[in-house]
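I have placed the structure first, in the form of structure tokens, so that the comments after it can refer back to it.
All of the numbers you see were taken from the coordinates with simple rules; none came from a lab. Since we're looking at a predicted model, the values are computed, not measured. Every residue, glycine among them, receives a Cβ derived from its backbone with ideal geometry; neighbour counts consider all protein chains shown.
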Amino acid sequence: MDLLKTNPACSEVVGIHRHTEFPIDYQNLESIESCATALSQVAPFQLIINTIGVLHTNQWMPEKRLEDLNAEQLMELMTVNAIGPALTIRHFSKLLDPKNSVMVTLSAKVGSIEDNRLGGWYSYRASKAALNMLVKTTSIEWGRTKPNTALIAMHPGTVNSRLSKPFRGEQIGRPADQAAAEMFNVIEHLQKEDTGSFLTYSGEKLPW
Ligand SMILES: NC(=O)c1ccc[n+]([C@@H]2O[C@H](COP(=O)([O-])OP(=O)(O)OC[C@H]3O[C@@H](n4cnc5c(N)ncnc54)[C@H](OP(=O)(O)O)[C@@H]3O)[C@@H](O)[C@H]2O)c1
């Protein structure tokens, strides 16, 4: 938010989370459409970034083995990491500037099927892979209906955050403001031809 607020090319920034006036909470999927409807007053937006995602909750840690796989955890991660973001793309698509816009949703490299070497983390990997497919499929439709919009799945790299904390995030992750600056550097140079890509924070293409 701060990075965008201080950018001279940016006239207005709106931040949305679970506790804003028009909240989005993926435990209540109807909040997505209500929020988008409320924001239509201030549309169009040239850039929409969705950072919502979960790896672990109070109840669940990522599965180490197949024995740990269970329906509740898989459904919860699918809801927050794939269904919520996909419905956000759907409802927020109406707010995008049809002349020139970018929509980025944060995914994760571990959601790449081709890049999966270590296994484990079943629900997180599967939910981010599902998200990736939803992004790619939408980008194909938007090639026809929103030709001036780039829709991107982005891997932020390892960031020191609540999400990475149980996995030595404080030691191996970089600060969130640094990660945001690196990602924004890629986002500002995106072209409409980049639509339907899965990119890292440094602009490299990842295999789906
Ligand atoms: N950190 C990493 O190393 C890393 C690596 C690869 C990918 N990612 C991805 O990057 C994104 C950001 O991760 P992060 O590191 O910033 O994690 P984080 O610090 O745990 O932040 C997650 C965000 O998601 C929100 N959120 C979680 N569940 C939600 C729900 N049901 N409804 C609405 N909002 C919800 C949280 O809101 P509250 O504050 O209200 O809980 C918080 O703003 C995620 O998509 C993650 O999968 C992160």
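The residues listed here are 153, 130, 180; of these, the one that is out of contact with any strand residue (DSSP E or B) (no Cβ under 8 Å at 6 or more places or on another chain) and within 12 Å of the ligand (Cβ to nearest atom) is 180. Residues in segment 1-59 that are small (Gly, Ala, Ser) and closer than 24 Å to residue 153 by Cβ: 9, 15, 31, 36, 43, 53. From the list 48, 32, 52, the lone residue that is in a strand (DSSP E or B) and closer than 24 Å to residue 133 by Cα is 48. Close Cβ contacts (under 6 Å, 6 or more residues apart or on different chains) running from residues in segment 59-80 that are touching a residue at least 24 places away in the same chain (Cβ under 8 Å) to residues that are loosely packed, with under 13 Cβ neighbours inside 10 Å comprise 63/69.
At least 2 residues that are surrounded by 14 or more Cβ atoms within 10 Å (Cβ to Cβ) in each: list the helices (runs of 4 or more DSSP H) lying fully within segment 88-204 that qualify. If you could, list the steps in order and put the result at the bottom.
Numbers: elements: 122-145, 169-172, 176-187.
Filter on segment 88-204 gives 122-145, 176-187.
Residue 117 fulfils the conditions (1) over 22 Å from residue 146 (Cα atoms); (2) within 12 Å of the ligand (Cβ to nearest atom) except for a single criterion, (2). Pairs are defined by a Cβ separation below 6 Å, a sequence spacing of at least 6 or placement on different chains, a first member in segment 154-171 that is within 15 Å of residue 110 (Cβ to Cβ), and a second member that is near the ligand (Cβ under 8 Å from one of its atoms) and in a strand (DSSP E or B); the pairs so defined are 154/106; 156/106. Within segment 9-59, the set of residues being loosely packed, with under 13 Cβ neighbours inside 10 Å, under 11 Å from residue 84 (Cα atoms) and within 9 Å of the ligand (Cβ to nearest atom) comprises 27, 28.
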